[in-house]
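Below is one structure; the comments refer to it alone.
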Ligand SMILES: CC(C)=CCC/C(C)=C/CC/C(C)=C/CC/C(C)=C/COP(=O)(O)O
C-alpha cells in the first residue's frame, strides 16, 4: 500500500514526466515509487516558487539536489509491500532551501558585477572616459611590482646606513611576501577578470589572468602603510600617499581590470600583510646573516 505522502507528492511531478527521458519511476525523479521522500522535500521548495515555473527546470534542480548527489534515496526500493519510509532528517530538508548566506552572497556578487561594469569607464579607447586611459595606465605602472622591486633593490645598494638598510630590507621582504600571497590566492580562487577588460598589461605573471585579489590594491595598501609608518613625512605628503593608494585601487576598476570586490579585498589583504611584516620585522638581531650577506656585496 503506497504511503499517503507518496500519493500527494507524485501528482505534480508526473505531469512533466512525459517530456523526460527518465520516467517518474526513474531515480532522476527522486526514485519514482521509492523517491517520495526526495519529492516531498522538493515539493516544499516548489511551493514557495511562482506557480508558472517550468517543470523541466524544477526537475533538473531536484536531480541536482544534495539529496540526490549523495545517493540518498530514502524510499528507494520501497514497494507497496514495504513499510512507509522514515521522514528525511531535518538537515537534509534544509539543504534544498536557499540559505540566507547563499542569497546574500549571490546578491553581493550581482551588485559587484553591475557596479564594476558601470565604473569601468576607461575599459577601452571607445569607452565613455576612454581618453583618460593613458593616465590610468600610468597609475597602473606606479603600482606595478617590477618598479617597486627594482627601486627597493637600487635604494638598498645605495644605502649607507644600517637603519636605512633595515627598512629597505623589510620593504623588499614585504613586496616579495605580497607577490607570493597574491599569486597563491589568485591560483586558488581563479576568478576571471571582467569580460570588458583588455589584457594589455605591462609584464604579468601567469596567475595574473585571474583577478581576485587585485595585486595593485594589495601593493598600494601595503606600501602606503609601510611608508606612513617608516618615513617621516609632512602631512600633505601623507595625504598624497593615501590618495595615491585609493586612486590606484579605483583605477583598477575604471580600467576594467577588476571588480570592486577584488580591489576591496586587495586593500584588506595589503593592510593585513603590513601587520605580518611588522610582526616578523627583520633586523640585524634576528636575521644577522641576511644583513651580513648584503654588506658583503
Ligand atoms: C627582483 C626580485 C628580488 C624578485 C623578482 C620576483 C618576481 C617574480 C617579480 C615579478 C614581478 C611581476 C611581474 C609582478 C606582476 C605585477 C602585476 C601585473 C600584478 C597584477 O596586478 P592586478 O592588480 O591586475 O592583480
Go through region 181-204 and give me each residue that's without any contact (Cβ under 8 Å) to a residue 24 or more places away in the chain and either near the ligand (Cβ under 9 Å from one of its atoms) or not assigned by TED's automatic domain parsing to the domain that holds residue 260 (or both). 204
Return yes when residue 113 is within 23 Å of the chain's Cα centre (by Cα), surrounded by 12 or more Cβ atoms within 10 Å (Cβ to Cβ) and more than 30 Å from residue 284 (Cα to Cα) and no when it is not. yes
Residue 171 fails exactly one of (1) in contact with a strand residue (DSSP E or B) (Cβ under 8 Å, 6 or more places away or on another chain); (2) buried (at least 19 other Cβ atoms within 10 Å of the Cβ), namely (1)
Tell me which residues, restricted to region 128-152, are free of Cβ contacts under 8 Å to residues at least 12 places away in the same chain and not in a helix (DSSP H, G or I). 128
When region 211-250 is checked residue by residue, the ones that are over 23 Å from residue 135 (Cβ atoms), more than 15 Å from the ligand (Cβ to nearest atom) and touching a residue at least 12 places away in the same chain (Cβ under 8 Å) are 225, 226, 228, 229, 230
Matching residues, region 125-145, being within 16 Å of the ligand (Cβ to nearest atom), buried (at least 17 other Cβ atoms within 10 Å of the Cβ) and under 10 Å from residue 255 (Cβ atoms): 133, 136, 139, 140
Unmet criterion (only one of (1) assigned by TED's automatic domain parsing to the domain that holds residue 211; (2) modelled with pLDDT under 95; (3) assigned to a helix (DSSP H, G or I)) for residue 61: (1)
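The values are calculated or read from the model by the stated rules, or taken from the named source; none is laboratory data. On a predicted model such as this, the values are computed, not experimentally measured, just so you know. Here Cβ is always computed from backbone atoms with ideal geometry, including for glycine, and neighbour counts include all displayed protein chains.
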